[in-house]
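*Asks:* Below: one structure in structure tokens.
The values are calculated or read from the model by the stated rules, or taken from the named source; none is laboratory data. The structure presented is a predicted model; accordingly, all values stated were derived computationally and were not measured. With ideal geometry, Cβ positions are generated from the backbone for all residues, glycine too; neighbour counts draw on all protein chains shown. Calculation scope for accessible area: heavy atoms of the full protein, side chains included, ligands and nucleic acids excluded. Shrake-Rupley method; radii C 1.70, N 1.55, O 1.52, S 1.80 Å.
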Amino acid sequence: MDINALVRDNIKSMSAYSTARNETTATNGIFLDANESPFNNGYNRYPDPQQMKLKSVVSKIKNVPVESIFAGNGSDEAIDILIRVFCIPGTDNIISVLPTYGMYKVAAAVNNVEYREVALNDDFSLDSGKLLSAADSNSKLIFLCSPNNPTGNLLDKIAVLEVVKNFSGVVVVDEAYIDFSEDSGFVSKIGEFQNLVVLQTLSKAWGMAALRVGFAFSGKEIISYMNNVKYPYNINSFSQEFALKLIIKGNNEHTATIIGERKRLSDSLKSVKCVKKVYSSSANFLLVKFADSVNVFNILNGKGIIVRDRSSQFGCSNTLRITVGKKSDNDLLLAILNGESSGLVLPLIDLKRVTKETSVSVKIDVFGNMVSSVSTGIPFFDHMLEQIALHSGFTMDIDVFGDIEVDTHHIIEDTAIVLGEAIKEAFSNGRINNRYGFALPMDESKAEVLIDAGGRSFLMWNLMFSAPYIGGIESDMFRHFFDTLSRSMKATIHITATGSNDHHLIESVFKCFSRALKMALYPGANDYRIQSSKGLI
Ligand SMILES: *Cc1c(COP(=O)(O)O)cnc(C)c1O
């Protein structure tokens, strides 16, 4: 097939913008060619316009030459660029199926290109003959999505190949979800069929939706036209570097978890009363038909679970598209659908405090669905706070800016203020007036922490350090930290600990404190309530 004959004349005759870096082979030296700032802050230089490092790693993983890879600002960029390379606005047309991913239609409309839709069969399988019969001499592109969004099914390979072989234009197979399927997809076929383009993305299985990186795989001609049309620096350097890092780290474990959860969720949903049908899925979501999808959507939404209503899509009446989450997410979803959920999901607690010295942001997710992250600029303090994130059962994101050279004191104190207020808010979910305690051994150290979240601030501090500093922090700052915390939490905290190693001593205190908190926030916390003659206090 002559790809050149399909390309718009203006695209064939243009030459791509030549960047300063395209015009030199130097990799070293003093660069005075691109009007950049010479002051290094990590981002003062333009990124690699051809993303060579990223592509060479992808080339090895996918077993395709670098010249067969286009890297875009998400695969959405590739969709738009393919239309701009091949379709004359107002004259040419694109064909796709129904229901499918909405971006093909939007990108066609933006480019003033006619968009033809051919319905999939009732079971969402592809009728290649019907699809091909919608084509005429102005049909330049066919978009197929496999596994399809929002239906989740893989399209039959033979039917897709039928289209590739018999269409006189370019066939784009969007494999955004291929890593979740049992199929290897069509990347290995790009050498065989010049008119085949395969789209993949880092946004789904690879977990990098925020970085906006997607790929098109095809023969050299098509890729070279796409590169001519794209913005010269279409992927910023942070995304290039971070994507490379995460790709090398790998995604197999998470993908396997999602595939396992998909099976479990699908099986469990089938026995939920209001569920009419769970469509089989090769992606990381399930299309589910309900007796009354609007009602289910509203119930889930009211309890903090947001799913996608796909009812208005062709052939999808009364359906919701549910992304497969972590085990705990899916458990909560199932519990709500089965009418067994204990109540509303707590909103994320999100507090910020900015003073002249520091800026402190604390987020707490009582249900532990967030990934914890602690960054105060003081490594040993981070290490201690991480104990709270690890042992309290909730997850938290603590981000503190401040000048550690002059302000260790402020950083620790202000963190305690905001963290304490956040914990107080978590307590306030109907579980105040509870007393909890925990004891914990750690090597030669032993800690006991008792908490009374009853609204009165008080710290009993019964321990002694042998050295004036621990991990670079003045030892007394830890007493000050818990004192400040008891004030902002409005809680009575008793801490008793013994041990000869200061590091063990303070770490056991943080661990023990976190365990006591966990008891206080545990959904079955009532079991631990202390009865008194005045009733439950
Ligand atoms: C999510 C998705 C994409 C990904 O788009 P990006 O721009 O790479 O984030 C592409 N195609 C389909 C069908 C999708 O569902």
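*Asks:* Over all alpha-carbon pairs of the stretch 222-332, lay out the pair-distance distribution in 10 Å bins, whole %, shortest bin first.
*Replies:* Taking every Cα pair in the stretch 222-332, the percentages come to 12, 33, 22, 21, 11, 0.
*Asks:* Right, another one. Quick one: dipole size for the stretch 349-527, taken about the Cα centre, charges +1 on Lys/Arg Cβ and -1 on Asp/Glu Cβ, in debye to the nearest 20.
*Replies:* So the dipole magnitude of the stretch 349-527 works out to roughly 800 debye.
*Asks:* To continue, here is another question. Tell me what the chain gives for mean residue ellipticity at 222 nm when only DSSP H runs of n ≥ 4 count, each as -39,500 (n - 2.57), the sum divided by the residue total, rounded to 500 deg cm²/dmol.
*Replies:* -11000 deg cm²/dmol
*Asks:* In debye to the nearest 20, how big a dipole does the chain give about its Cα centre with +1 on each Lys and Arg Cβ and -1 on each Asp and Glu Cβ?
*Replies:* 1280 debye
*Asks:* Relative contact order of the stretch 145-252, please, whole-number percent, based on alpha carbon pairs below 8 angstrom and at least 6 residues apart.
*Replies:* 20 percent
*Asks:* Pairs LYS277/LYS326; LYS130/LYS230; LYS327/LYS352; LYS60/LYS105; LYS62/LYS270; LYS249/LYS277: which exceed 28 Å Cα-Cα?
*Replies:* LYS130/LYS230; LYS327/LYS352; LYS60/LYS105; LYS62/LYS270; LYS249/LYS277
*Asks:* Residues of the chain: accessible area per residue at 1.4 Å, in Å²?
*Replies:* Normalised by residue count, the accessible surface of the chain is 47 Å².
*Asks:* Counting Lys +1, Arg +1, Asp -1, Glu -1, what net charge surrounds LYS289 among other residues with beta carbon under 15 Å of its beta carbon?
*Replies:* Net of charged neighbours comes to +3.
*Asks:* Sticking with this structure for a sec: Helix 237-249 versus the longest principal axis of the chain: what angle, 0 to 90°, nearest 10, using Cα atoms?
*Replies:* Result, in degrees: 80.
*Asks:* Please give every one of the aspartates and glutamates within straight-line cross-link reach of LYS424, meaning a C-alpha to C-alpha distance under 20 Å, and leave out same-chain neighbours fewer than 8 residues apart.
*Replies:* Partners within reach: ASP350, ASP365, GLU386, ASP397, ASP399, GLU413, ASP414, ASP452, ASP483.
*Asks:* Another question, if that's okay. If we count every other residue with Cβ under 12 angstrom of ILE349's Cβ, Lys/Arg +1 and Asp/Glu -1, where does the sum land?
*Replies:* Once all neighbours under 12 Å are counted, the net charge is -2.
*Asks:* What shape does the chain take by its C-alpha gyration tensor, where a ≥ b ≥ c are the square roots of the eigenvalues and a/c under 1.5 counts as rounded, a/b above b/c as prolate, and the rest as oblate?
*Replies:* Note, shape of the chain comes out oblate.
*Asks:* I would also like to ask the following. Taking 8 Å as the Cα distance limit and 6 or more residues as the minimum spacing, I'd like the relative contact order of the stretch 89-173 as a percentage.
*Replies:* After rounding, I find 34 percent.
*Asks:* Something else about it: Collect residues whose amide H, placed 1.01 Å from N in the peptide plane, falls under 5 Å from the amide H of ALA283; neighbours closer than 5 in sequence don't count.
*Replies:* Here nothing satisfies the definition.
*Asks:* Also: Based on the mean of other beta carbon atoms within 10 Å per residue, what is the order of 503-513, 383-393, most packed first? Walk me through the numbers on the way to the answer.
*Replies:* Numbers: 503-513: 23.7, 383-393: 20.0.
My ranking of the peptides, most packed first, is 503-513, 383-393.
*Asks:* Additional query: Could you look at the stretch 32-81 and say what percent of its accessible area is carbon and sulfur, using a 1.4 Å probe and all protein chains?
*Replies:* That fraction is 54 percent.
*Asks:* Can I ask one more? In whole percent, what relative contact order does the chain give with Cα contacts below 8 Å and a gap of six or more residues? Display every interim value, and only then the final one.
*Replies:* Details: 1017 pairs, mean separation 54.0, N = 537.
Over the chain, the number comes to 10 percent.
*Asks:* About the Cα centre of the stretch 1-141, how large is the charge dipole given +1 on each Lys and Arg Cβ and -1 on each Asp and Glu Cβ? Please answer in debye to the nearest 20.
*Replies:* Dipole magnitude for the stretch 1-141 comes out near 400 debye.
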